[in-house]
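Asker: Pasting a structure here, questions to come.
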Amino acid sequence: MPRLPVVGLLGRGLTQIKNLGFGLLFLWPSIILFSLFVFYPLIKSVYLGFYESDPLGNQGDFVGLDQYRSVLGGSDFRHSLWVTFQFTVYTVVPGIVLGLGLAMLANQKLPGISIFRTIFASTVATSVAVASMMWLTLLNPTTGLVTWLLDQAGQPRLNLLNDPDWALPAVSLTTIWLNLGLATIVFLAGLQSIPERLYESARIDGASRLGTFLHVTLPMLSPTLLFVTVIGMILAFESFGQIHILTRGGPLDATTVIVYSIYLEAFQRFDYGVAAVQAVGLFVLVLGLTGLQLRFLERRVFYQ
Amino acid sequence: MAAKSEALTTRAATAERVVQRRPWGRHALSYLVLILAATVVLLPIYMTVVNALLPKETIVAYPPKLFPSDPQWGNFPKALDQVPLARYMWNSFIVTAIIVVGQLVTSSLAAYAFAFLRFPGRGLLFLIFLSTLMVPLEVAIIPNFQTVQSFGSSHLEILGFEVGRHILQHILSLDSYQSLAVPFLATAFGTFLLRQHFMTIPKELRDAAAIDGYGHLRFLFFVVLPLSRPVLASLAVFAFLSSWNQYLWPLLVTNDDNMRTVQIGLAALRGREIDSFNVVMAGTLIAAMPMFAMLVLFQGQLVRGLTAGAVKR
């Protein structure tokens, strides 16, 4: 028997309650997982920051905000913050320039262009471990290709990964290459969403190629540019694998970014308290960025 | 109308001019630049292939060999022989499969609730879901590690009943597939992506299905999901990519060599007793293969998954 449509306020209330039941039935797996692995650990991290840890890694005395003050104000954290900042600049800026360049090359209408699109996107298929192992060979101080190229350029031979001044740029180079595929893919999608008629009117107006790029491509691409910047910064703030494989945070902490410092404190020195404070610090730092990332998603929610 | 035809003529004229002026020179230059760029992008991969094929003696040669004159294909079986690479890849495959299937299930269900059911608090709950994107894994990593550790080593009292260690450690414990996969079974991004698609399915379809006696679950499985195959594929490929590439979490929760994922196993090659570096490079290439296969086979889905949220369509 077909169900009769429910009418009236009471009926609507009932439907809503019934729907709430169904809703929870559909949502509980995600709710439980998010509670256990996202919200609880976030609160627990803040809480752990209030306690000192004993040398065995057990929870020690309650020290309240003192630990937050001493860790976040301490020179170690400031150093890792500075390293993270440099790493972000070294990776995001070249990543945008190269990614946009490759995307513009790949956006030409030529036979066989899809092969080049696949090649330019190929680094998304290399994991951080694979990329790091590849660059470890290229950066090898006696036989690596980068070493040879530096030799050809007449540069004094350096062990890049072992040099406090060069380790971070070397890790950044690996990271730029690793993230290049993603940037290219996103920029290419952005370029393809620019209506063809805008280019046509620019051509009719007799605009130069540079003019077209500056006055059509760049403005139309600004949401994509912002998105790639935000994603690139988040990726930089969360980088770990390449540092773990290439430099272990060294030499002389030259590549100890915040995430690596959290790893060292928590899982090498077993000082959960200090590590938790750093984790909370990282959370506050990326909060704005992830908030921006969310705005991109939200825009699709509300303006569709 | 007149303006339009004028524009068309102009366009045709421009095209003609371009063709006349540069019969093929423009294309040749484009291809030259493309090939140059492709060479630079592929150089690290190419050098890895070269190094993987070099014999033991020439791998330490300087200047570095740019071409393997005497390719040693035997380095590949050697890599599989000297390192449990097959085992690592199997582990990664199992964990990735659990995560992909898990994410598809949890996010389909959640997205359905957000797209098709009207209930009080729905908007708020959706925002709470989205807010999980603001908590990076690295921030939650210490308590999550403790959670996994404690499940494997303690017992729990639920409503007066003591749940023993032997039961809890089946749910989560260090060196288990569960601990590698379970924290990642729910995804706000996936829920969002699917919800966006589900909202394009006309509500009338739900009403019609309800008249036919379809409940919500049946409607989801037999109507909504079949209509959502492309977006499900995008999510699956995206989930595959991100879980296959995980590094920090598997590093923390696996100690047993038998449970290592391929990324961690690969990184550990640095300190391992290996014949020589060419074998390590051969192993690196073997480890990279599944992802390259994914890229070539499912590039479209991958691109859609990665660009979601980046551009308005």
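Asker: Residue check: is B:Ile99 within 31 Å of the chain's Cα centre (by Cα) and touching a residue at least 24 places away in the same chain (Cβ under 8 Å)?
Answerer: Values: within 31 Å of the chain's Cα centre (by Cα): yes; touching a residue at least 24 places away in the same chain (Cβ under 8 Å): yes.
When the stated conditions are applied, B:Ile99 passes them.
Asker: Mind checking which residues of the stretch B:123-153 are charged (D, E, K, R) and more than 7 Å from every other protein chain (Cβ to nearest Cβ)?
Answerer: Initial filter on the stretch B:123-153 (charged (D, E, K, R)): B:138.
Once the filter is applied, which keeps residues that are charged (D, E, K, R) and more than 7 Å from every other protein chain (Cβ to nearest Cβ), the stretch B:123-153 yields nothing.
Asker: Here is a follow-up. Only residues that are more than 10 Å from chain A (Cβ to nearest Cβ) and part of a helix (DSSP H, G or I): list them for the stretch B:251-277, please.
Answerer: Taking the stretch B:251-277 and keeping what is more than 10 Å from chain A (Cβ to nearest Cβ), we get B:253-260, B:271-276.
Passing the criteria: B:Val253, B:Asp257, B:Asn258, B:Met259, B:Gly271.
Asker: Is the stretch B:275-294 home to any residue that is under 24 Å from B:Phe189 (Cβ atoms), touching a helix residue (DSSP H, G or I) at 6+ places or on another chain (Cβ under 9 Å), of a type in the set (Phe, Trp, Tyr) and in contact (Cβ under 8 Å) with a residue 40 or more places away in the chain?
Answerer: no
Asker: Only one of A:Thr184, A:Thr118 is in contact (Cβ under 8 Å) with a residue 60 or more places away in the chain and in a helix (DSSP H, G or I); which? Break it down into steps so the answer makes sense when it comes.
Answerer: Values: A:Thr118 fails: in contact (Cβ under 8 Å) with a residue 60 or more places away in the chain.
Only one candidate qualifies: A:Thr184.
Asker: Tell me the residue from B:Leu42, B:Leu36 that is under 30 Å from B:Ser243 (Cβ atoms) and at pLDDT 75 or above, please.
Answerer: Numbers: B:Leu36 fails: under 30 Å from B:Ser243 (Cβ atoms).
The unique qualifying residue is B:Leu42.
Every residue, every condition in (1) modelled with pLDDT of 90 or more; (2) in contact with a helix residue (DSSP H, G or I) (Cβ under 8 Å, 6 or more places away or on another chain), yes or no:
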position	(1), (2)
A:Asp165	yes, no
A:Leu182	yes, yes
A:Ala189	no, yes
A:Glu200	no, yes
A:Thr224	no, yes
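Asker: Give just the number: which of (1) at pLDDT 90 or above; (2) under 22 Å from B:Gln301 (Cβ atoms) does B:Trp249 not satisfy?
Answerer: In the conditions (1) at pLDDT 90 or above; (2) under 22 Å from B:Gln301 (Cβ atoms), B:Trp249 misses (2) alone.
Asker: Would you be able to say whether some residue in the stretch A:237-253 is small (Gly, Ala, Ser), in a helix (DSSP H, G or I), over 28 Å from A:Leu138 (Cβ atoms) and within 10 Å of chain B (Cβ to nearest Cβ)? Spell out the reasoning first.
Answerer: So the first thing to find is which residues in the stretch A:237-253 are small (Gly, Ala, Ser), and the list is A:239, A:241, A:249-250.
Then drop every residue that is not in a helix (DSSP H, G or I), which leaves A:241.
Those still in the list that are over 28 Å from A:Leu138 (Cβ atoms) too: none.
No, every residue in the stretch A:237-253 fails to be small (Gly, Ala, Ser), in a helix (DSSP H, G or I), over 28 Å from A:Leu138 (Cβ atoms) and within 10 Å of chain B (Cβ to nearest Cβ).
Asker: Go through (1) away from chain B (no Cβ under 12 Å); (2) in a helix (DSSP H, G or I) for A:Ala207 and report which single condition fails.
Answerer: Looking at each condition in turn, A:Ala207 falls short on (2).
Asker: Also: Step by step: first the residues of the stretch B:22-79, then only those that are of a type in the set (D, E, K, R) and closer than 30 Å to A:Leu100 by Cβ, then the one that is surrounded by the fewest Cβ atoms within 10 Å (Cβ to Cβ). Which residue is that?
Answerer: Initial filter on the stretch B:22-79 (of a type in the set (D, E, K, R)): B:22, B:26, B:56-57, B:65, B:70, B:78.
From the residues that got through so far, the ones that are closer than 30 Å to A:Leu100 by Cβ too are B:22, B:26.
Numbers: B:Arg22: 12, B:Arg26: 14.
Ranking the candidates gives B:Arg22 first.
Asker: So which residues in the stretch B:199-237 are away from chain A (no Cβ under 14 Å) and of a type in the set (Phe, Trp, Tyr)?
Answerer: Across the stretch B:199-237, the qualifying residue is only B:Phe222.
Asker: For the stretch B:287-304, which positions are aliphatic (A, V, I, L, M) and buried (at least 16 other Cβ atoms within 10 Å of the Cβ)?
Answerer: As a first pass, look at the stretch B:287-304 and keep what is aliphatic (A, V, I, L, M): B:287-289, B:291, B:293-297, B:302-303.
Residues satisfying the conditions are B:Ala287, B:Ala288, B:Met291, B:Met294, B:Leu295, B:Leu302, B:Val303.
Asker: For the stretch A:250-284, which positions are touching a residue at least 60 places away in the same chain (Cβ under 8 Å), surrounded by fewer than 22 Cβ atoms within 10 Å (Cβ to Cβ) and closer than 22 Å to B:Leu133 by Cα?
Answerer: A:Val280, A:Gly281, A:Phe283 - these are the residues of the stretch A:250-284 that are touching a residue at least 60 places away in the same chain (Cβ under 8 Å), surrounded by fewer than 22 Cβ atoms within 10 Å (Cβ to Cβ) and closer than 22 Å to B:Leu133 by Cα.
Asker: Sticking with this structure for a sec: Does B:Thr284 fit the bill of being surrounded by 19 or more Cβ atoms within 10 Å (Cβ to Cβ), out of contact with any Leu (no Cβ under 7 Å at 6 or more places or on another chain) and among the β-branched types (Val, Ile, Thr)? Steps first, please.
Answerer: Details: surrounded by 19 or more Cβ atoms within 10 Å (Cβ to Cβ): yes; out of contact with any Leu (no Cβ under 7 Å at 6 or more places or on another chain): no; among the β-branched types (Val, Ile, Thr): yes.
No, not satisfied.
Asker: What is the one condition in (1) touching a Lys or Arg at 6+ places or on another chain (Cβ under 7 Å); (2) modelled with pLDDT under 95; (3) within 10 Å of another protein chain (Cβ to nearest Cβ) that B:Ala115 does not satisfy?
Answerer: (3)
Asker: Taking interchain pairs and intrachain pairs at least six residues apart, which have beta carbon atoms under 9 angstrom, with the first residue in the stretch B:236-250 and touching a residue at least 12 places away in the same chain (Cβ under 8 Å) and more than 21 Å from B:Ala140 (Cβ to Cβ) and the second of a type in the set (D, E, K, R) and surrounded by fewer than 23 Cβ atoms within 10 Å (Cβ to Cβ)?
Answerer: B:Val237/B:Arg304
Asker: Kindly indicate whether any position in the stretch A:34-50 is farther than 24 Å from B:Thr147 by Cβ and among the aliphatic types (A, V, I, L, M). Break it down into steps so the answer makes sense when it comes.
Answerer: Quick first cut of the stretch A:34-50, residues farther than 24 Å from B:Thr147 by Cβ only: none.
Within the stretch A:34-50, not a single residue is farther than 24 Å from B:Thr147 by Cβ and among the aliphatic types (A, V, I, L, M).
Asker: For the stretch B:106-121, give me each residue that is without any contact (Cβ under 8 Å) to a residue 24 or more places away in the chain and crowded, with 17+ Cβ neighbours inside 10 Å. So that I can check it myself, show each step before the final result.
Answerer: Pass one, the stretch B:106-121, residues without any contact (Cβ under 8 Å) to a residue 24 or more places away in the chain: B:113, B:118-121.
Scanning the stretch B:106-121 gives B:Ala113, B:Phe119.
The values are calculated or read from the model by the stated rules, or taken from the named source; none is laboratory data. As the structure is a prediction and not an experimental result, all values here were calculated from the model. Glycine also receives a Cβ, built like all others from the backbone with ideal geometry; neighbour counts cover every protein chain displayed.
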